[in-house]
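Colleague: Dumping the structure here so I can ask a few things about it.
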Amino acid sequence: MKPLIHVENFSYWYSDTEKPALKELNLKINKGERLLIVGPSGCGKSTLILCISGLIPHSYSEGKIKGNITVGSENLHRTPPYHLKNKVGVVLQNPSAQLFSLKIKDEVAFGPQNLGLPPEEIQERVYFALEAVGMEKFAENPLTELSMGQQQRVCIASMLAFRPAIMVFDEPTSNIDLKTGRKILALIDQISENQNITVIIAEHRTKEVSKITDRVIVLNRGEIVADDPQILTDTKFCNTYGIQPLNTTIYPLLQSNITNGSKILQVENLTFSYNNHSVLTDLSFSIFERESLGIMGDNGSGKTTLALILAGVLKPKQGSIMIDGKPIGNYKRKQAIRKIGVLFQNPDDNILTTKVSNEILYAPWIQRLSEDEKKKLLNENLALMNLKGYDNKGTFKISYGERERVAIASLLVSQPDILIFDEPTTGQDYKHKQDFIRLAQKLNETHTLITISHDLEFLSAISNRVLLLESGKIMVTHINKNMAQKHSRQIPTESVQLPTVEN
Amino acid sequence: MQNSLNFSSSSLDPRVKLIASMSFLMLISTIHDALILFISFIAVLCAWLLAKLPIKTVSYFLKSIALLFAFMFLSSTVFSRIAPKERLTFIEVIPAVIPIIGGSGIYAEILLASITFSFRTLSLVSMALLVSLTTEPSRMVSALRKLRCPYELTIMVIITIRFIPLAIEQWKKLAAVANVRGIATSGIIGRIKSIKRLFTPLIIHSIRRSMQLAYSLDARGFRATKNPTTMENLQLGSRDYLMLVFSVLLVALSIIVLLEVFSIQNISVELLKLVV
């Protein structure tokens with residue numbers, strides 16, 4: 001059988017590099033196949049996605065190409081993906097950056113409009129696509145009020161409106177919690193089944209995605225190192241390439257709770273609402289010195305708002321937050337940063353300058369410290385964060401993980417007692433997660449940590465205690481080992497009656 | 001805000017709205033008479049009432065318009081000068097019997113000029129607001145496309161409208177980051193300082209975002225054909241034709257005024273002379 005997509009001796013170089021991002025790749029993908037591409041960050045997954053979707057070379061044409069990609073009998077390098085007989089649709093990372101229209105139906109209609117189809121057919125396709133993703137009731141709604149999961153659905157619909165034969169996804173579930181991610185994957189499964197679409201997915205979440213795919217290839221440094229659906233059960237192989245193996249075990253929680261020592265942070269009856277919409281309701285908890293607290297919750301559970309309030313960036317409507325026995329509001333900004341530092345979700349958003357050294361020394365620069373002091377702080381923190389030699393690099397030219405370490409270093413220069421990490425591993429590969437666990441354990445020796453995440457496996461590896469936050473309420477104040485096991489599958493929490501455990 | 005408004009399907013075609021408001025703009029730019037401009041402003045207000053907008057929106061509009069009027073009227077009265085030979089009527093504000101500050105006042109002509117200026121601007125602003133509030137942005141874009149506005153330009157317009165809230169969101173994120181690095185972003189001084197510090201990162205983030213967007217546009221076949229179509233099929237109804245005829249009348253009237261076939265520019269001044 002002739003393959004639907006044929007990648008032949010394909011190599012690709014980005015314009016400013018000598019090492020190829022993809023090296024002499026050979027890959028045949030048959031019609032109806034569902035392929036999962038895995039591999040560590042920088043392995044060439046995203047580049048392969050861009051090449052198969054035709055965005056390289058039709059949108060980004062600055063690199064060098066050797067070899068061929070054919071779709072059906074057409075050469076992808078000569079025909080743009082939207083003019084192919086077997087159209088290729090692509091859903092890239094970060095749905096919010098891909099949507100630009102004012103209303104959902106306009107977003108979905110954009111593709112067919114570009115193809116110059118008559119109005120009646122555009123309307124028909126728009127409603128077909130929205131129905132396929134379960135968003136037909138929202139056709140007239142503005143795009144600004146959608147959750148991440150809904151945005152992802154609109155992205156998928158806008159590609160379906162092309163009636164593609166192939167759909168390519170670059171990390172469709174990164175940046176979304178597991179529950180929503182599962183729903184998106186189920187949707188992809190259903191669309192592929194109903195519309196007979198060939199699906200190619202690049203993902204880190206092997207456990208979830210491998211359930212809907214029938215073929216797995218592993219990429220490393222631009223080369224295919226395995227093409228075997230069973231490879232994910234080989235824990236040794238997976239660990240070598242920093243891929244999440246299928247049979248990961250839940251980490252036991254760290255040592256027993258630290259309940260002696262002084263309480264460094266106390267939250268009492270904290271309530272917060274935004275535009276008459278209640279975000280946090282009556283939260284009370286406290287953290288002991290050198291404790292590592294995990295806060296678990298899905299998207300929209302109020303986790304990030306809690307981080308902002310704890311750092312004193314947002315003011316609570318009711319309740320009190322005491323750090324070292326003093327309300328957070330009584331600290332001046334310059335004092336507050338010596339008490340508490342926050343790493344926000346997505347390291348890109350934590351970056352204020354374009355050079356690593358400037359980024360790390362931002363707070364000292366604001367405080368007008370002397371050059372000697374600044375130099376000392378810079379060298380100390382570069383060493384601590386394993387970033388030696390990075391001081392003159394561009395903040396956006398280093399990897400995602402490195403950027404995150406730069407952002408942590410820029411907090412550490414103020415020597416805060418407490419560090420808050422908001423979703424530090426979302427959308428990151430398995431290796432990055434492992435690295436971050438080690439880093440957090442190291443930081444916990446000198447700092448009190450609060451880690452916010454929707455990933456219980458990860459939280460249990462670095463926390464003494466985990467709170468479960470749901471719809472702005474603390475549902476469980478103390479997840480013990482048994483519960484961790486029980487929730488390891490992270491069953492949608494609304495279907496489980498959670499017992500409330502005394503603190 | 002748009003979603004809270006109810007766009008009725010019987011609303012005028014956006015193309016017609018654009019043409020009508022342009023003709024209206026042309027007419028009131030040619031007229032320099034306070035009384036007629038006042039009447040035109042009242043006409044726009046009537047159109048506002050007919051549009052059946054939510055009461056909240058209307059009251060907000062009326063308040064802003066009143067404030068705008070007060071500001072424009074006062075500033076143009078205070079800062080206007082008038083040539084000595086045109087000074088006709090002097091209105092004493094503070095009677096001359098009061099020592100030192102007494103005897104000051106303003107010329108009625110200046111008042112009239114201020115009224116003219118204020119009502120012209122108010123009519124323009126109210127008209128533009130009315131058109132934008134009663135037209136769905138996507139229909140407006142379709143209208144621009146039908147009026148032969150280049151496709152790339154209309155897409156740019158949409159992206160701009162859409163990216164304003166995103167930029168605000170990004171700004172809030174950056175402000176929070178700056179906050180945890182020790183910069184106060186609240187209070188007037190804090191805000192002004194943070195503008196200086198956060199502007200560059202905002203631009204950097206926007207550029208990065210726009211690069212991602214470029215991929216998305218290309219993936220969906222932006223400029224795949226020379227003649228992209230629209231989903232909205234705009235068709236003119238009888239009300240639209242009526243409005244077009246009315247617009248033609250407005251344009252004709254402004255040409256008549258410009259050619260000075262008959263003088264309507266001095267009605268208010270003549271009236272004023274009669275009264276004073």
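The values are calculated or read from the model by the stated rules, or taken from the named source; none is laboratory data. All of these numbers come straight from a predicted model, not from anything done at the bench. Counting neighbours? That spans all protein chains shown, and the Cβs are built from the backbone with ideal geometry, glycine included.
Colleague: What about A:Glu136, is it among the charged types (D, E, K, R) and either facing chain B (nearest Cβ under 10 Å) or closer than 17 Å to A:Leu185 by Cβ (or both)?
Modeller: On the way: among the charged types (D, E, K, R): yes; either facing chain B (nearest Cβ under 10 Å) or closer than 17 Å to A:Leu185 by Cβ (or both): no.
Criteria not met by A:Glu136.
Colleague: Take the residues of the stretch A:138-154 that are of a type outside the set (Asp, Glu) and within 15 Å of B:Arg162 (Cβ to Cβ): which is modelled with the highest pLDDT?
Modeller: The residue in question is A:Val154.
Colleague: Kindly evaluate B:Met156 against the criterion of being part of a helix (DSSP H, G or I), more than 8 Å from every other protein chain (Cβ to nearest Cβ), in contact with a helix residue (DSSP H, G or I) (Cβ under 7 Å, 6 or more places away or on another chain) and of a type outside the set (Val, Ile, Thr). Before the answer, list the steps.
Modeller: Details: part of a helix (DSSP H, G or I): yes; more than 8 Å from every other protein chain (Cβ to nearest Cβ): yes; in contact with a helix residue (DSSP H, G or I) (Cβ under 7 Å, 6 or more places away or on another chain): no; of a type outside the set (Val, Ile, Thr): yes.
No, not satisfied.
Colleague: Right, next: Given the options A:Leu270, A:Leu254, A:Leu265, name the one that is within 22 Å of A:Glu445 (Cα to Cα), modelled with pLDDT of 90 or more and aliphatic (A, V, I, L, M).
Modeller: A:Leu265
Colleague: Is it true that A:Tyr331 is more than 20 Å from A:Ala407 (Cα to Cα) and either under 27 Å from the mean Cα position of the chain (by Cα) or buried (at least 21 other Cβ atoms within 10 Å of the Cβ) (or both)?
Modeller: no
Colleague: Sticking with this one: Might you let me know whether the stretch B:119-137 holds any residue that is more than 30 Å from B:Glu232 (Cβ to Cβ) and of a type in the set (A, V, I, L, M, F, W, C)?
Modeller: yes
Colleague: Now for a separate question. Of the residues that sit in the stretch B:212-236 and are more than 9 Å from chain A (Cβ to nearest Cβ) and in contact with a helix residue (DSSP H, G or I) (Cβ under 9 Å, 6 or more places away or on another chain), which one is surrounded by the fewest Cβ atoms within 10 Å (Cβ to Cβ)? Give the steps one after another, and end with the answer.
Modeller: Step one: of the stretch B:212-236, the residues more than 9 Å from chain A (Cβ to nearest Cβ) are B:234-236.
Adding the requirement that they be in contact with a helix residue (DSSP H, G or I) (Cβ under 9 Å, 6 or more places away or on another chain) leaves B:234, B:236.
Working: B:Leu234: 16, B:Leu236: 13.
Of everything passing the filter in the stretch B:212-236, B:Leu236 is surrounded by the fewest Cβ atoms within 10 Å (Cβ to Cβ).
Colleague: Consider A:Lys64 against the criteria (1) within 13 Å of B:Ala219 (Cα to Cα); (2) among the basic types (Lys, Arg); (3) surrounded by fewer than 19 Cβ atoms within 10 Å (Cβ to Cβ): it satisfies all of them except one. Which criterion is unmet?
Modeller: Here A:Lys64 meets the rest and fails (1).
Colleague: Do you know which residues across the stretch A:47-56 are within 11 Å of chain B (Cβ to nearest Cβ) and outside any loop (DSSP other than H, G, I, E, B)?
Modeller: The answer is A:Ile49, A:Leu50, A:Leu55, A:Ile56.
Colleague: Does A:Lys137 qualify as being in a loop (DSSP other than H, G, I, E, B) and surrounded by fewer than 16 Cβ atoms within 10 Å (Cβ to Cβ)? Write out each step before concluding.
Modeller: Values: in a loop (DSSP other than H, G, I, E, B): no; surrounded by fewer than 16 Cβ atoms within 10 Å (Cβ to Cβ): yes.
Spelling it out, it is not the case that A:Lys137 is in a loop (DSSP other than H, G, I, E, B) and surrounded by fewer than 16 Cβ atoms within 10 Å (Cβ to Cβ).
So that you can scan it fast, the table gives a plain yes or no per residue for (1) of a type in the set (Val, Ile, Thr); (2) assigned to a strand (DSSP E or B):
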residue: A:Thr281; (1), (2): yes, yes
residue: A:Arg290; (1), (2): no, no
residue: A:Leu293; (1), (2): no, yes
residue: A:Gly300; (1), (2): no, no
residue: A:Thr305; (1), (2): yes, no
residue: A:Met322; (1), (2): no, yes
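Colleague: Being more than 7 Å from chain A (Cβ to nearest Cβ) and touching a residue at least 24 places away in the same chain (Cβ under 8 Å): is that true of B:Val275 here?
Modeller: no
Colleague: Do we find that A:Ser210 is under 24 Å from A:Glu131 (Cβ atoms) and of a type in the set (Gly, Ala, Ser) in this structure?
Modeller: no
Colleague: Being in contact (Cβ under 8 Å) with a residue 60 or more places away in the chain, outside any strand (DSSP E or B) and out of contact with any strand residue (DSSP E or B) (no Cβ under 6 Å at 6 or more places or on another chain) narrows it down to one of A:Arg153, A:Arg163, so name that one.
Modeller: Only one candidate qualifies: A:Arg163.
Colleague: Considering only the stretch B:208-246, state which residues are modelled with pLDDT under 85 and of a type in the set (Asp, Glu).
Modeller: B:Glu232, the sole residue that qualifies.
The rows are residues; the columns are (1) farther than 22 Å from B:Ser268 by Cβ; (2) at pLDDT 85 or above; (3) over 14 Å from the mean Cα position of the chain (by Cα).
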position	(1), (2), (3)
B:Ala34	no, yes, yes
B:Phe38	no, yes, yes
B:Tyr60	yes, yes, yes
B:Arg87	no, no, yes
B:Ile91	no, no, yes
B:Ile106	no, no, yes
B:Glu109	no, no, yes
B:Leu122	no, yes, no
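Colleague: Pick from the stretch A:334-373 the residues that are more than 12 Å from chain B (Cβ to nearest Cβ) and more than 24 Å from A:Gly401 (Cα to Cα): which of them is surrounded by the most Cβ atoms within 10 Å (Cβ to Cβ)?
Modeller: Filtering first and then ranking leaves A:Glu373.
Colleague: Given the conditions (1) within 14 Å of chain A (Cβ to nearest Cβ); (2) of a type in the set (Phe, Trp, Tyr); (3) in contact (Cβ under 8 Å) with a residue 40 or more places away in the chain, and given that B:Phe199 satisfies all but one, which numbered condition is not satisfied?
Modeller: Checking B:Phe199 against (1) within 14 Å of chain A (Cβ to nearest Cβ); (2) of a type in the set (Phe, Trp, Tyr); (3) in contact (Cβ under 8 Å) with a residue 40 or more places away in the chain, the one that fails is (3).
Colleague: When you check B:Leu129 against the structure, is it modelled with pLDDT of 80 or more, more than 14 Å from every other protein chain (Cβ to nearest Cβ) and surrounded by fewer than 18 Cβ atoms within 10 Å (Cβ to Cβ), yes or no?
Modeller: For B:Leu129, the condition - modelled with pLDDT of 80 or more, more than 14 Å from every other protein chain (Cβ to nearest Cβ) and surrounded by fewer than 18 Cβ atoms within 10 Å (Cβ to Cβ) - is met.
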